[in-house]
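S.K.: Got a structure here, written out as structure tokens. Questions coming.
The values are calculated or read from the model by the stated rules, or taken from the named source; none is laboratory data. Because the structure is predicted, anything quoted here is derived from the model rather than measured. All Cβ positions, even for glycine, are placed from backbone atoms using ideal geometry, and neighbour counts span all protein chains on display. Side chains included, ligands, DNA and RNA excluded: accessible areas come from the protein's heavy atoms. Shrake-Rupley method; radii C 1.70, N 1.55, O 1.52, S 1.80 Å.
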Amino acid sequence: MPKKKHDAITRLSEKYRNSSKQSIIVYLIIRGIIIGVMIRQITLGDWHNVFLCGLSLVLLFIPFFLRSTFKINLPSVLEIAVFLFVFAAEILGEIANFYGHIPIWDTMLHTVTGFLAAAVGFGTIDLLNRHSKRLKMTPLFVALVSFCFSMTVGVVWEFGEYSVDRLLKFDTQKDRIITEISSVKLHPDGENEEVKINGISYTIIFDADGNELARIDGGYLDIGLRDTMKDMLVNMIGAVVFSTAGFLYIHRRDKYKFAESFIITPLEDKKSEITE
């Protein structure tokens with residue numbers, strides 16, 4: 001590694017002295033790419049993407065902010081996962097349109113969100129458990145709180161997406177084409193009885209004056225409901241995976257060390273282990 005580059009990493013490591021060199025290197029690489037993308041978007045005059053780049057740079061700083069503010073240690077694996085997640089969601093997902101080009105991209109990220117949120121919830125409740133003189137929570141309860149924390153984060157995230165779509169007219173809750181619907185609204189007599197329509201081939205949307213606004217080939221446009229439910233489902237899967245791993249880790253720390261790479265600890269107790 002060139003001396004100048006090594007010195008730069010060393011200075012940054014001193015500034016964030018509790019981060020590993022691997023985390024700093026990943027941070028620098030991703031930050032450099034984002035800055036390059038931002039400059040490119042400025043030349044194109046795409047200010048929405050410029051905003052996303054600026055937001056990404058702010059989000060990259062979150063692990064350092066949490067460490068310095070709350071005096072907690074984020075394992076390097078967790079820290080790197082956060083950096084990669086921000087890059088995958090904002091730069092690749094939104095600007096490079098991986099959400100459109102790769103159908104499972106959004107599903108994958110929401111699964112990872114559920115996993116990481118459960119890890120953060122697990123570490124947080126464990127800190128309270130170990131440093132409280134009055135509380136003594138069982139491993140099962142810690143795992144349950146971890147799961148509930150992750151699901152709460154997922155729900156709040158979906159609230160945020162819905163609010164952005166309603167207020168700013170975005171489409172973060174991605175629409176999808178469906179070929180069947182079932183609704184009581186379609187009952188001719190207004191009865192509380194579902195009317196089922198199958199095999200929809202296309203939909204035409206008109207305004208109040210009868211002008212055709214859009215034609216949707218292939219079926220009917222579902223405005224975000226299925227996407228939201230899918231996101232919540234895969235968030236739950238990620239939460240279950242880590243909560244289970246955390247539960248096993250508490251019982252057999254020597255055997256199930258996978259969860260340890262994602263569990264936050266106090267800065268003064270970086271090498272301590274979770275007690276039963």
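S.K.: Count charges around residue 30 for me, please; just the other residues with Cβ under 14 Å from its Cβ, Lys/Arg as +1, Asp/Glu as -1.
M.R.: Numbers: positive: 31; negative: 79, 90.
For residues surrounding residue 30, the net value is -1.
S.K.: Once the Cα atoms of helix 225-251 and of the chain are each reduced to a long axis, what angle between those two axes, in degrees from 0 to 90 to the nearest 10, is obtained?
M.R.: Helix 225-251 sits roughly 20 degrees off the main axis of the chain.
S.K.: Could I ask something else about it? With each pseudo-label sitting 7 Å past Cα toward Cβ, what's the residue 241-residue 29 distance in nm, one decimal?
M.R.: Roughly 2.1 nm, to one decimal.
S.K.: Let me ask something else. Probe of 1.4 angstrom, ligands and nucleic acids ignored: what's the accessible area per residue over segment 125-276, in square angstrom?
M.R.: 67
S.K.: For segment 35-131, rounded, prolate or oblate, judged on the Cα gyration tensor with a ≥ b ≥ c (square roots of eigenvalues), a/c < 1.5 rounded, else prolate if a/b > b/c? Before the final figure, lay out each step's value.
M.R.: Values: a/c = 3.60, a/b = 1.71, b/c = 2.11.
The shape class here is oblate.
S.K.: Still on this model: By the scheme Lys and Arg +1, Asp and Glu -1, what is the net charge of all other residues having a beta-carbon under 12 Å from that of residue 232?
M.R.: Net of charged neighbours comes to -2.
S.K.: Output the 0 to 90 degree angle, nearest 10, between the alpha-carbon long axis of helix 139-168 and the longest principal axis computed from the alpha carbons of the chain.
M.R.: 50
S.K.: Of all the stretches in the chain, which is the longest one without any exposed loop site, taking chymotrypsin sites (Phe, Trp or Tyr not before Pro) in a DSSP loop (any state but H, G, I, E, B) with at most 15 other Cβ atoms within 10 Å?
M.R.: The answer is 62-169.
S.K.: Further question on the same structure: What FRET efficiency would be calculated for the residue pair residue 69, residue 177, taking the C-beta separation as r and a Förster radius of 45 Å, to the nearest 0.05?
M.R.: The pair residue 69/residue 177 has a calculated efficiency of 0.50.
S.K.: For segment 104-230, rounded, prolate or oblate, judged on the Cα gyration tensor with a ≥ b ≥ c (square roots of eigenvalues), a/c < 1.5 rounded, else prolate if a/b > b/c?
M.R.: Judged from the Cα gyration tensor, segment 104-230 comes out prolate (a/c at least 1.5, a/b above b/c).
S.K.: Using 0.36 nm per residue of separation minus the Cα-Cα distance, give me the extension gain between residue 62 and residue 77 in nm, one decimal.
M.R.: 3.9 nm
S.K.: Right, something else. Shape verdict for segment 164-237, please, from the Cα gyration tensor: rounded (a/c under 1.5), prolate (a/b greater than b/c) or oblate. All intermediate terms of the calculation are to be shown ahead of the outcome.
M.R.: Working: a/c = 1.75, a/b = 1.22, b/c = 1.44.
Taking the square roots of the gyration eigenvalues as a ≥ b ≥ c, segment 164-237 is oblate.
S.K.: A follow-up question, please. Measure off, as a whole percent, the carbon and sulfur share of the 1.4 Å-probe accessible area of segment 22-76, all protein chains present.
M.R.: 75
S.K.: Right, another one. So who's got an amide H within less than 5 Å of the one on residue 73, skipping anything under 5 residues away but keeping other chains? H placed 1.01 Å off N, in plane.
M.R.: Answer set, sorted by chain and number: 265, 267.
S.K.: Counting only protein heavy atoms and a 1.4 Å probe, tell me what percentage of segment 187-253's accessible area is made up of carbon and sulfur.
M.R.: 56
S.K.: Provide the FRET efficiency to the nearest 0.05 for the residue 252-residue 156 pair, computing r from the beta carbons and using R0 = 25 Å.
M.R.: Efficiency for this residue pair is about 0.15.
S.K.: Continuing with the same structure: At 7 Å along the Cα-to-beta-carbon direction for both residue 194 and residue 163, put a label point, then send me their distance in nm to one decimal.
M.R.: Here the modelled spin labels are 3.2 nm apart.
S.K.: Using a 1.4 angstrom probe, figure out how much accessible area segment 39-89 has per residue, in square angstrom, rounded to the nearest whole. Intermediate values should be presented prior to the final figure.
M.R.: Values: 2570 Å² over 51 residues.
I get 50 Å² per residue for segment 39-89.
S.K.: How far, in degrees from 0 to 90, does helix 105-131 lean away from the longest principal axis of the Cα atoms of the chain, to the nearest 10?
M.R.: Helix 105-131 sits roughly 40 degrees off the main axis of the chain.
S.K.: Can you bin every Cα-Cα distance in the chain into 5 Å intervals starting at zero and give me the percent of pairs per bin, rounded to whole numbers?
M.R.: 1, 5, 9, 12, 14, 14, 12, 10, 8, 6, 4, 3, 2, 1, 0, 0
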